[in-house]
Amino acid sequence: MTILRSLLPVFIIGALYLATAMMVTNSYHQLLFTLVLVWACFGLAWNMLSGYTGLISFGHGAFFGLGAYATVLAQINFGISPIIMIPVSGLIGAAAGLLIGLPTFRLRGHYFALSMLAYPLAMVYVFDWLGYQEVTFPLVRENAAWFMQFSDPRVYTIIALLMLLAFVIVTRMVERSRFGMSLIAIKQNEAAAEAAGINTLEWKLKAIALSGGMAGMVGAFYSIVLLVVTPQSVFGMLVSAQALTVAMFGGVGTVWGPIIGAAFIIPVADILHAELGSSFPGIQGVLLGIAIVLVILIAPEGVFWKVRDHLARRKGGAPADAAATVEAAAAEAAYAAAGSAEVAPKRVISDEVILDVRNISKSFGGLKAVQNVSFEVRRGMILGIIGPNGAGKTTLFNLLNGFIKPDQGNVIVKGVEMVGKRPHALASAGVGRTFQVMRPFMRMTVAQNVKVGAYVRATSEAHAEELAAEAVRRVGLANVAGELASALTTKQLRLMELARALAGQPEILLLDETLAGLGHSEVGDVVDAIKSLADEGVTIVIIEHTMQAMVRLVDEFLVLDHGEVLLQGEPLAVTKDRRVVEAYLGKKWSENA
């Protein structure tokens, strides 16, 4: 019921649209009313994959065309009604989506977009070669309604509107579920989503299957409306471009975007084609190109987001000013000026080894980033990994977290070998992770960001919300839980990322420069939050350059230099070791210590 209430404006606008369409008697204008709805549906289908995952597809004409040809050929060859073939075409589109997605999701960025373009273009030639250059639905006089051949074209508008409303409801259900949250997280930062426990490949395959299924159904209905199917009309470049354009123009990643885009672009394009098509062939393609350029220049995320952000700024909800952040170098200088390092009091730590790293190595070409690194982390310990820039610290984290596969060695978590496992599997095994460069999901609230991390342990949406609320409380962000991540300060973003990792109830936390970008007083707040987690029994491995804070925090240091272990031991011994001073700390540390 909550979803239906949120869509009340859509239903009201739909009712007004239908009432207007019912008063139109001109057959061309009636067709235009139907086509606006058809392309809005196709835009929503495209949006289900590209709008929510950020993987731009130029190939949705493949699913659209398969649905169209399946419907017309089924009636010609087997006498099957389009009423049956519309859902069957959805299944065909979904299957095609899975077959296309499995190999294509290995690619990223423009490589993915270009590879998707290949599929509908190939099908143009395949269907030409098969002899289906132009296929027409056979005219049915008896029981014409069963074959969706209506004398009154307004019936097609009613059906198209019902299909659009169904797609809108499905889209909104996805948006408000784990499915949609996972897709949005993938779009905003796929690495952070994977580290939070989201199996990104699985969710992308589900998205392309649903998207392809929706596109196949739209293609089936489109063929019924036009009665004639050609390879260019359903597989052509203009088809895929039109789906992309209506969604991008209106706003990607939202229910309203494709509707807004179709309501503006389709009437303008068709009227221009009708009026100027004979004098300027291809005028529709020109309009689509202009629309894409304008959107990229003026409103990269579309009209909907542009207007929403403008209204938010008028209400005082502007994103946090970047000038409010303090560079890490300033924080380090403040700490250096604070006097001698206060060593953390010795804590009682379990003898149980929770993380066992053995002879792990990784080379990139001739560069040996990590060489035969071995160490153990006991349950409840805070291990600090330090070393000069380029020592291999972040590469080591990526090896521990599954983002990089080592050339050799073992990563054993609670007695289980984890080498070769992907980051989401490490998250499921109890390994949480934050990043050196913050990776928030900017268009999500704090609570939603953290909820994404909770899914790896949650058994339901309510459970995920409960885990997220607890994690937000533990780091002290309960008062800003409803704020968008884009409006947070650097300190709040760092704490939010910490909460997102905590929401998955990890037994080991890998913190990569969590204090970077914080001011002097802010560092103390985050250090206190990390200490409280350790006191609650969370095992922590942290990379950090803010040494004055680190010696107050960690139980042991692991020092890396040129990818190798230089020394491991307690803070006092390590910070006084001559090799560590020469390689990393420098003479100023010795003078202040």
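Just so you know, all these numbers are worked out from the coordinates, no wet-lab data involved. This structure is a prediction, so every number in the text was calculated from the model and none was measured. Heads up, the Cβs are rebuilt from the backbone with ideal geometry, glycines too, and the neighbour counts pull from every protein chain shown.
Go through 130-139, 57-66 and give me the packing order, highest mean Cβ count within 10 Å leading. Walk me through the intermediate numbers first.
Values: 130-139: 12.6, 57-66: 30.3.
Order by mean packing, descending: 57-66, 130-139.
Just to confirm the filter: which trypsin sites (Lys or Arg not before Pro) across the range 440-483 are DSSP coil and have at most 11 other Cβ within 10 angstrom of their Cβ?
Working: sites: R443, K451, R457, R473, R474; in loops: R443, R457.
Counting only loop positions with at most 11 other Cβ atoms within 10 Å, none of the trypsin sites (Lys or Arg not before Pro) in the range 440-483 qualifies.
Quick one: net charge around L201, please, counting Lys, Arg +1 and Asp, Glu -1 for every other residue with C-beta under 12 Å from its C-beta.
Values: positive: R106, K204, K206, R422; negative: E190, E194, E202.
Around L201, the surrounding residues sum to +1.
Using only Cα atoms, find the angle between the long axis of helix 256-276 and the longest principal axis of the chain, and express it within 0 to 90 degrees, rounded to the nearest 10.
40 degrees
For T200, T25, which order do you get if you count the other beta carbons within 10 Å of each Cβ and list the fewest first? Can you show the working numbers first?
Details: T200 20, T25 9.
If I rank by nearby Cβ atoms, fewest first, I get T25, T200.
Could you size up the charge dipole of the range 2-313 around its Cα centre, putting +1 on the beta carbon of Lys and Arg and -1 on that of Asp and Glu, and report it in debye to the nearest 20? Don't skip to the answer; put the middle values down first.
Numbers: 14 positive and 12 negative charges, 155 e Å.
Taking the Cα centre of the range 2-313 as origin, the dipole is about 740 debye.
Counting Lys and Arg as +1 and Asp and Glu as -1, each charge on the Cβ, what is the dipole of the chain about the Cα centre in debye, to the nearest 20? Each step should come with its number before you reach the end.
Details: 45 positive and 45 negative charges, 77 e Å.
For this selection, approximately 360 debye.
How far is it, in nm, from the label point at F264 to the one at E570 when both lie 7 Å from their Cα along the line to the Cβ?
My value for the distance between the label points is 6.7 nm.
Give me the percent relative contact order of the range 435-505, please, defined on Cα pairs under 8 angstrom at least 6 residues apart. Walk me through the intermediate numbers first.
Working: 103 pairs, mean separation 33.6, N = 71.
Relative contact order for the range 435-505 comes out at 47 percent.
For the chain, what does the relative contact order come out to in percent, with C-alpha contacts under 8 Å and a separation of six or more?
Details: 1095 pairs, mean separation 97.7, N = 593.
For the chain, the relative contact order is 16 percent.
How far is helix 461-474 tilted, in degrees, relative to the longest principal axis of the Cα atoms in the chain, given as a value from 0 to 90 rounded to the nearest 10?
The angle comes out at about 30 degrees.
Between K368 and I80, what is 0.36 nm times their sequence separation minus the Cα-Cα distance? Round to one decimal in nm.
Numbers: separation 288, 0.36 × 288 = 103.68 nm, distance 6.39 nm.
97.3 nm is the gain from fully extending K368 to I80.
With everything on Cα atoms, drop me the angle between helix 200-226 and the longest principal axis of the chain, reported from 0 to 90° to the nearest 10.
The helix 200-226 is inclined about 10 degrees to the chain.
What number comes out for the charge environment of E190, summing +1 per Lys or Arg and -1 per Asp or Glu over other residues with Cβ under 10 Å away? The partial results should precede the final answer.
Working: positive: R108, K187, K204, R439; negative: E194.
Here the count lands on +3.
Roughly what % of DSSP beta bridges within the chain run antiparallel, to the nearest 5?
Values: 23 of 39 bridges.
The antiparallel proportion sits near 60 percent.
Given Cα pairs under 8 Å that are at least 6 residues apart, what percent is the relative contact order of the range 2-313? Provide the component values of the computation, followed by the final result.
Working: 490 pairs, mean separation 101.2, N = 312.
After rounding, I find 32 percent.
On a straight-distance basis, which aspartates and glutamates could pair with K204 in a cross-link, Cα separation under 18 angstrom, same-chain partners fewer than 8 positions away excluded?
E175, E190, E194
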